[in-house]
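The block underneath contains the structure these notes are about, expressed in structure tokens.
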Amino acid sequence: MTWLRRTLLAAAGVCALAVGAVFGLQKLDQAYPPPLETAMERSGEVVDRDGLLLRAFATKEGRWRLEPDMADVDRRFVEMLIAFEDRRFREHSGVDLKALARAAIQFASNGRIISGGSTLSMQLARLIEPRERRSITAKIMQIARAIQIERRLSKDEILRLYLTLAPYGGNLEGIRAASLAWFGKEPRRLTLAESALLVAIPQLPELRRPDRNLKAARAARSRVLARAVESGILGEAEARLAELEPLPTSRVALPSLAPHLAETVRRSQPDDLRHVVTLSRPVQHGLEAAADAAARSLGPKLSVAMVLADAETGEILGEVGSASYLDRARQGYVDMTRAVRSPGSTLKPFIYGLAFEDGRIAQETIIEDRPANFAGYRPRNFDMEYQGDISIRTALQKSVNVPAIRLLDAVGPHRLMARFREAGVDAKMPNGKAEGLAIGLGGIGLTLRDLVQLYTGLANGGQAVRLVNRPRAEGDTPRRAQLLPAASAWQIGDILSGVTPPKGAMRNGLAYKTGTSYGYRDAWAVGFDGRHVLGVWVGRADGSAVPGISGFGTAAPLLFDAFAKSGLAVTPLPRAPAGALRQAFADLPVTLRRFESTASETKPRGVAEAAPQIVFPPQGARIELADGADGFSPLVLKLQGGRAPFRWLANGKPWPEAERRRTARWQPDGAGQQTLTVIDAAGRAASVRVFVE
């Protein structure tokens, strides 16, 4: 048989088979429709408020298969794909007869298949019904299936389905999974070199994987670029520049942000493939970066949790359940945003808010900070020291305990808890105990989400907003509750905005409060501006004590770092509403100059009510001090009794500033006899004479 005769017979045979397939298509269509439903399994995905991917879930077979939105696939990629794989894709009805004839001639000339003449529709048919080897029978089946597919789907639908199923090496299928795994980005802004590589890989996905065969991947990319130049899609200069772009040498992990929330929403709606949440991916990424950095510095067993919410809408913009989801040492799988823990001193602002609401206090009202007994309950300050007479503003900023309990005793713990319930927060009492004064220092259980929800009332003019992490249905409005009057909320925000930032943090306009639970189990910091609330928790997931952690020293630095990394601009706190103002002490009415204790407080007996007494150095002591570069080294003075603030005098000369602590440091200006005098807030004085050597 001559070469020409063999070629003509092969071509005639292929055409006859194709014509027969077309005529028998109607019956085949009815009896054996294409199994498109088998190609419908997709990877589940959780996306943020703007549709950006937060987390993807592999299929049951362990494949990454994400359906693309063709409007978000780079236009040049699609043009190169069609030019390289099926240049008459928009014209044929599933079969390119010219390409089939070329394939038949090549087969006849070489005795084997050189190019299959496959259209994208035929390749899609092969992806839906994979074949073990290339053969004439398989090709005929592809032709029939391609025609069936074309009768059912539009060209754009075919293209989208192909770009969902196309193999890209390993367990990667589809353009989105490939673009994310090889380049770490969605396929909407691929470079020319990246597009060319992603066109080339599906032909021989395992042989052209750039992480395993860089040479083959580069050669395949070059062929695609050359075809693009030949088709007029690219200029030669563009192609040469694309050739110089390096290839990826390893896969990038697919996004896995907000794993706790992603798992929760997936379990709640297991049949849905796409879950939309209120989070913002840039915000979430920043919070997780801050949490990871903090966890590395804090130690191997400490966990970190954060919630950042829009105080106006209640939508959660960022949520970190733990620093590392897969870290067993930290028990990272536990979502600490939902764990009930003691909130420490973070509830004090709401106690003060109720007192402002009642008109009991102003910012410069004086309140006592000294040992007190409330029917057997004796609160103590964190540092076991007392400030004496102190302003309301300073008491809240310094978070001293006794003044907060005095105010809670006045406004009533039941009333505070009722406000929390109205705001949608059901605090847990330990072991069914009754609501008492201990709740003011953290003697109840709240979650981090609860705490952030309460603080939305301070950032939102007194109206607390229910937090949500799923978009509300159209027409639904945020659920609000009046936690405090606007004027009271403003007073609290004004006070907390003056709290000194933690060491190393810049004053950025955040108002914030810290808290440390009993036994050093939990460290908290909650900050807010005019629009956002960010809550931070640090501790161990198993509730064990962590000696040394504190709200100010541990959680507050993370609060400021996380807000900075969130990328959100600080919104100024609102202006004072009508009736809210900050008055100097001299301008206060007499009834607001001092907060009077209530009847339930029993005045303790002890040194706090006595006149001041200098206990060190004692009267007549001879003190030998070391010489330093600036003269004598300082001497520590110790005091008992009296009422702060204390005014010290050395040899009749007053010190520049009053002291509130019962310890002070004195720098003698020379040797010899010295007289030290202290005067307390009640005008009582004590003196000692000492001799400095």
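The values are calculated or read from the model by the stated rules, or taken from the named source; none is laboratory data. Remember, predicted model here, so these are calculated numbers, not experimental data. Backbone-built Cβ (ideal geometry, glycine too); neighbour counts: all protein chains shown.
Assorted remarks:
- Among (1) crowded, with 23+ Cβ neighbours inside 10 Å; (2) under 17 Å from LEU484 (Cβ atoms), the one test that ASP369 misses: (2)
- Residues being farther than 25 Å from TRP182 by Cα and touching an Asp or Glu at 6+ places or on another chain (Cβ under 7 Å) - total across region 224-268: 2
- In region 41-66, residue nearest to the chain's Cα centre (by Cα) [restricted to those that are in a loop (DSSP other than H, G, I, E, B) and not charged (D, E, K, R)]: LEU52
- Extreme residue, nearest to ALA555 (Cα to Cα), among residues of region 339-389 that are aromatic (Phe, Trp, Tyr) and at pLDDT 90 or above: PHE350
- Test: residue in region 512-533 that is among the hydrophobic types (A, V, I, L, M, F, W, C) and farther than 24 Å from ALA423 by Cβ: no
- Among the criteria (1) out of contact with any strand residue (DSSP E or B) (no Cβ under 6 Å at 6 or more places or on another chain); (2) surrounded by 24 or more Cβ atoms within 10 Å (Cβ to Cβ); (3) modelled with pLDDT of 95 or more, the one ALA216 does not fulfil is (2).
- Region 431-462, residues that are in a helix (DSSP H, G or I) and in contact with a Gly (Cβ under 6 Å, 6 or more places away or on another chain): LEU448, LEU451, VAL452, LEU458
- Some residue of region 481-502 being free of Cβ contacts under 8 Å to residues at least 60 places away in the same chain, surrounded by 14 or more Cβ atoms within 10 Å (Cβ to Cβ) and under 16 Å from VAL425 (Cβ atoms): yes
Yes/no per residue for (1) hydrophobic (A, V, I, L, M, F, W, C); (2) part of a loop (DSSP other than H, G, I, E, B):
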{"residue": "ARG472", "(1), (2)": "no, yes"}
{"residue": "PRO478", "(1), (2)": "no, yes"}
{"residue": "ALA481", "(1), (2)": "yes, no"}
{"residue": "PRO501", "(1), (2)": "no, yes"}
{"residue": "ALA505", "(1), (2)": "yes, yes"}
{"residue": "LYS513", "(1), (2)": "no, no"}
{"residue": "ALA523", "(1), (2)": "yes, no"}
{"residue": "GLY527", "(1), (2)": "no, no"}
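- Residues of region 283-301 that turn out to be surrounded by fewer than 17 Cβ atoms within 10 Å (Cβ to Cβ) and out of contact with any helix residue (DSSP H, G or I) (no Cβ under 8 Å at 6 or more places or on another chain), as a count: 6
- Residue check for ARG406: in contact with a Phe, Trp or Tyr (Cβ under 8 Å, 6 or more places away or on another chain) and not in a helix (DSSP H, G or I): no
- None of ARG208, ARG145, ARG176, ARG189 is surrounded by fewer than 21 Cβ atoms within 10 Å (Cβ to Cβ) and either closer than 22 Å to SER43 by Cβ or not small (Gly, Ala, Ser) (or both) except ARG189.
- PHE350, sole failed condition from (1) assigned to a helix (DSSP H, G or I); (2) touching a residue at least 60 places away in the same chain (Cβ under 8 Å); (3) surrounded by fewer than 24 Cβ atoms within 10 Å (Cβ to Cβ): (3)
- Of residues in region 655-693 being surrounded by 15 or more Cβ atoms within 10 Å (Cβ to Cβ) and β-branched (Val, Ile, Thr), the one modelled with the lowest pLDDT: VAL692
- Any hit, region 383-399, residues being assigned by TED's automatic domain parsing to the domain that holds ALA523, β-branched (Val, Ile, Thr), over 27 Å from the mean Cα position of the chain (by Cα) and assigned to a helix (DSSP H, G or I): yes
- With respect to the conditions (1) modelled with pLDDT of 90 or more; (2) on the phi < 0 side of the Ramachandran plot, GLY567 lacks only one, and its number is (2).
- Some residue of region 67-89 being modelled with pLDDT of 60 or more, out of contact with any Pro (no Cβ under 8 Å at 6 or more places or on another chain), within 30 Å of GLU288 (Cα to Cα) and not in a helix (DSSP H, G or I): yes
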